[in-house]
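Structure first, then comments.
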Amino acid sequence: PAECPFCGEAAGRELEEHVRLRHGHLLGAPGTGNGEQLYECPMCSLTCTNIQILEEHVDLHLEEQNFSEGGNMRDLELAQQLQSEEDERQRSEEEKREREEFKKLQRQYGLDNSGGFKQQFLKNMEREVDRGRMQPFEYHKRKADMMESLASGIDDGRTKTSGVIEALCKYYQSENKDVRRVWLSAGVDHFHSSLGDRGWGCGYRNFQMLLSSLLQNSFYNDCLRDTTLIPSIPKIQSMIEDAWREGFDPHGASHFNNRLHGSKAWIGACEIYSLLTSLRIKCQIIDFHKPTGPMGTHPRLFEWILHYYSADNEGGAKVVCTSKPPIYLQHQGHSRTVVGIEEKKNKSLCLLLFDPGCSSQQMQKLLKQNSDGTGLRLLRKFVGNLKEKQYQIVAVDGVLSLEEKAACCRASEVLTSEKIP
């Protein structure tokens, strides 16, 4: 029904009568001069000569108003739809970025199912042949040697350098410039990354270094009677999987989906601890979880290592060749092996590190150490050189009984490290 434009009351067909009777005083517009009544639109002040014309005119106003309100509703719905589509697009892009980042991390940490040591070794050798840096006959010989090494589980020794600790001991005996005292670990071989593990194998190479020292120490003969030679990297991967199957570090194992063999997965301090403990070698993880000195340095790390080497080796000798095994040192993205520590005449400390990233050619130079000690720059790291946010070490400290090994296995369900405050 039609509504009165003045009071909004429904008037239906009697609208004209209703307006004339109820609101005639509002329509008292002057006539046209010939006695004709005029009607003024209450919405736009347009003057009409007929009440029906006024009614139609007012209806147009009402229709226009309704259309405008409907348009506003449609605009709102359209805006909401567009916002919803934009939100969905952003969610989709974010999920895509997360998937790409996850795949990137998988590639970075060797968990992308792209193959392991064997596949990378062959691929890199083929690349060397294509670039003319390796002859085909050498390719086939090294491939045969690699296959034999994989079959036996024994490292081929191509990246090993022996005798460095002995050379250092000899050098320090005559060095008289700025070293007050130096402590060296027991004999240890250096192993560097090869074509098969370049970019991801540092943890395995450092384990080989540590194991090479333990194999020279009769104290560990009983623990290592089944491991008399240095294992290859794929063999070490299998040994870690065996430790997981025994129950060591289930949380860490789940991170790798319980599988390392055939992958290029990075390993760290927890995997080294689990492997050593499964061999009944007593060790501990020490976590230097934050800097303890100015400029992001870790002086307490140096102090701990000094105590490790010097605690049972007090005395006046300048050069102390200890029976202590080397120390596994881990930080984000890389690991190295601590083989000794210097105390300078000004009381500052300097670590001696074997780095898997150093080639055999570089390490060989240390066997012919010059009297000026320039070659030691390769090994020396002062407090100001180690500024990673966090460091972890794995330090060997004896042999476990079967009962102690079982207790360590149970405790490793929540593998934690001792944190240096």
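The values are calculated or read from the model by the stated rules, or taken from the named source; none is laboratory data. Everything quoted here is computed from the prediction, not taken from an experiment. Here Cβ is always computed from backbone atoms with ideal geometry, including for glycine, and neighbour counts include all displayed protein chains. Only protein heavy atoms, including side chains, enter the accessible area calculation; ligands, DNA and RNA are left aside. Shrake-Rupley method; radii C 1.70, N 1.55, O 1.52, S 1.80 Å.
Laid out as a table, the results:
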read-out	value
Any pair with Cβ under 6 angstrom, 6 or more apart, that starts in segment 393-408 at a residue that is more than 26 Å from Ile305 (Cβ to Cβ) and ends at one that is of a type in the set (A, V, I, L, M)	none
Odd one out for Phe219 among (1) surrounded by 22 or more Cβ atoms within 10 Å (Cβ to Cβ); (2) out of contact with any helix residue (DSSP H, G or I) (no Cβ under 7 Å at 6 or more places or on another chain); (3) of a type in the set (Phe, Trp, Tyr)	(1)
Breaking point among (1) farther than 22 Å from Met147 by Cα; (2) among the hydrophobic types (A, V, I, L, M, F, W, C); (3) touching a helix residue (DSSP H, G or I) at 6+ places or on another chain (Cβ under 6 Å), for Met209	(3)
Residue within segment 187-197 that is modelled with pLDDT of 95 or more, surrounded by 22 or more Cβ atoms within 10 Å (Cβ to Cβ), part of a loop (DSSP other than H, G, I, E, B) and among the β-branched types (Val, Ile, Thr) present	yes
Flag for Ala79 being closer than 28 Å to Ile267 by Cα, out of contact with any helix residue (DSSP H, G or I) (no Cβ under 8 Å at 6 or more places or on another chain), surrounded by 10 or more Cβ atoms within 10 Å (Cβ to Cβ) and modelled with pLDDT of 70 or more	no
Residues located in segment 223-244, provided they are part of a helix (DSSP H, G or I) and basic (Lys, Arg)	Lys235
Subset of segment 119-166 [in a helix (DSSP H, G or I), open to solvent by 80 Å² or more (accessible area, probe 1.4 Å) and either under 30 Å from Ser185 (Cβ atoms) or in contact (Cβ under 8 Å) with a residue 60 or more places away in the chain (or both)]	Glu166
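Residues are listed down the side, and each one gets a yes or a no for (1) over 23 Å from the mean Cα position of the chain (by Cα); (2) touching a residue at least 24 places away in the same chain (Cβ under 8 Å):
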residue: Trp244; (1), (2): no, yes
residue: His255; (1), (2): no, no
residue: Ser263; (1), (2): no, yes
residue: Cys270; (1), (2): no, yes
residue: Arg280; (1), (2): yes, yes
residue: Phe288; (1), (2): no, yes
